[in-house]
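The next block holds one structure in the form of structure tokens; read it before the comments.
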Amino acid sequence: MNTTTQIATTLNISSLQCVTTSLPGNTSDNMTLMDNTTTSCTDSGTGSTSSLGDFVEYRVALFINRYCLYLIVGLGIPGNFAALLTVSKMKPFTSSSLFMIALATADSINLIIKELYYQLTFFDIQLSDLGCQFFIFLGTFAMHYANWILVAMTIERFIAIKFPMKVQEICTQRKAVIVLLVLGIVLMSLNAHHFVTMHEGYSSLSKYSCEYQKKYSDFMRKVWYWIDGVVYAVVPFCALTILNFLIIVGIRSSVKKQRDLTNLQQKQTKQQMQITVMLVTVSVVFTVLTMPNCIFFIYEGYWNYKKSKYQTALYYLIYQVVFLLSDLNHAINFYFYFLSGKKFRKHFIRLICCCLPKAQRPTATTITRASRYRMSVTSTPSNHTLVDHDSTCTRSINNINTS
């Protein structure tokens, strides 16, 4: 790989495919930024001779392209793993728990596949046609799946706010499993075309790279471009925006109704409210981080960024920032769970404390407070059993003078 003519790094975008020259700017694709600092050409917009490397926007885009994925993976993998452990230990285990575990799993797969693909393509390792098809299919599916799991979670929270007394009957674990299976089957079917359209290409600059076969270029530009963008960003964004608005309105209304509920009903409503606040926080963050992707996706088709070098450099910078924000959605959910969920935070801290080494248990000679123990006499009057209820440890002390 010639590092003087190419920065062999991939864009952090909604999917993992490599953009070919016939597919510029596809939101599903993984572009390779070219280092044009050694190539001069005439900027049609200004008439001056320049290269992309002369623009600070392009250099910033290169920096994001090369290093920010490491930061996202470094935040996301430990966070998703911590979320998996914490949620699996929380009781009761509800349909919301299933959705959170599925979301953390999909986010982790997405980040692992993207980082693995990044490293393999960086070192020009041959993947073969099947390898390219597998990476693109699994990476794209995981991204779509994670976003739609979040939509399903938000719908469940809307039901919990709208029907707080019936949520345990409506939102069961069995129904959550069915929803996850249906979503998985639909999105797998939607992305199955990658096993036909993708193959491993080769060029003198980028060596081995995953790209679409030329005979499917019209399908990728005119059909899949819109399907991918709508499924990944536009529809989830619109759905979560509407649902979050309805949930916030419902929360304000439910606060007034709590005064008429019994103590048991108030407790159940309060627990549902805590879960709702935590999951709605994640949902709102998703809409904020995805909104630039939606705007860019729609505007990109009307932006003639190739008319000048500066416009091209600006395009690459915005492209990087937009999909950097989208990738953050797969890395930061745990941290918002921790900040906004009191119950989640309590269980996570308890989980961490259980992993710490146990302190030395006190010996019989150091015990000074007899009220902490219960003396039970055995069949031999001279023997007594000392039970420590604080440490749940039973110790036998022989030959105690009972006089």
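The values are calculated or read from the model by the stated rules, or taken from the named source; none is laboratory data. Quick caveat, the model's predicted, so the values are computed rather than measured. Note: ideal-geometry Cβ built from the backbone for every residue, glycine included; neighbour counts use all protein chains shown. Ligands, DNA and RNA are excluded from the accessible area calculation, which covers all protein heavy atoms including side chains. Shrake-Rupley method; radii C 1.70, N 1.55, O 1.52, S 1.80 Å.
Observations on the structure shown:
- Among the residues of the stretch 161-187, the one identified as outside any helix (DSSP H, G or I) and of a type in the set (V, I, T) is T172.
- Single residue of the stretch 295-322 satisfying the filter (open to solvent by less than 20 Å² (accessible area, probe 1.4 Å), modelled with pLDDT of 85 or more and within 18 Å of V235 (Cβ to Cβ)) that is nearest to the chain's Cα centre (by Cα): V322
- Residue ID - most open to solvent (accessible area, probe 1.4 Å), chosen from residues in the stretch 75-105 that are aromatic (F, W, Y) and within 26 Å of L325 (Cα to Cα): F81
- The numbered conditions (1) over 22 Å from I227 (Cα atoms); (2) touching a Phe, Trp or Tyr at 6+ places or on another chain (Cβ under 8 Å); (3) not basic (K, R) are all true for Y319 except (1).
- Qualifying residue in the stretch 118-129 (condition: in contact with a Leu (Cβ under 9 Å, 6 or more places away or on another chain) and at pLDDT 90 or above): no
- Counted residues, the stretch 106-128 - those being crowded, with 16+ Cβ neighbours inside 10 Å and assigned to a helix (DSSP H, G or I): 14
- None of H194, H144 is under 25 Å from Y299 (Cβ atoms) and either open to solvent by less than 20 Å² (accessible area, probe 1.4 Å) or touching a Cys at 6+ places or on another chain (Cβ under 6 Å) (or both) except H144.
- Number of residues in the stretch 160-191 that are closer than 30 Å to Y216 by Cβ, among the polar types (S, T, N, Q) and open to solvent by 60 Å² or more (accessible area, probe 1.4 Å): the value is 1.
- From the list V223, V284, the one residue that fits, being at pLDDT 90 or above and open to solvent by 40 Å² or more (accessible area, probe 1.4 Å), is V223.
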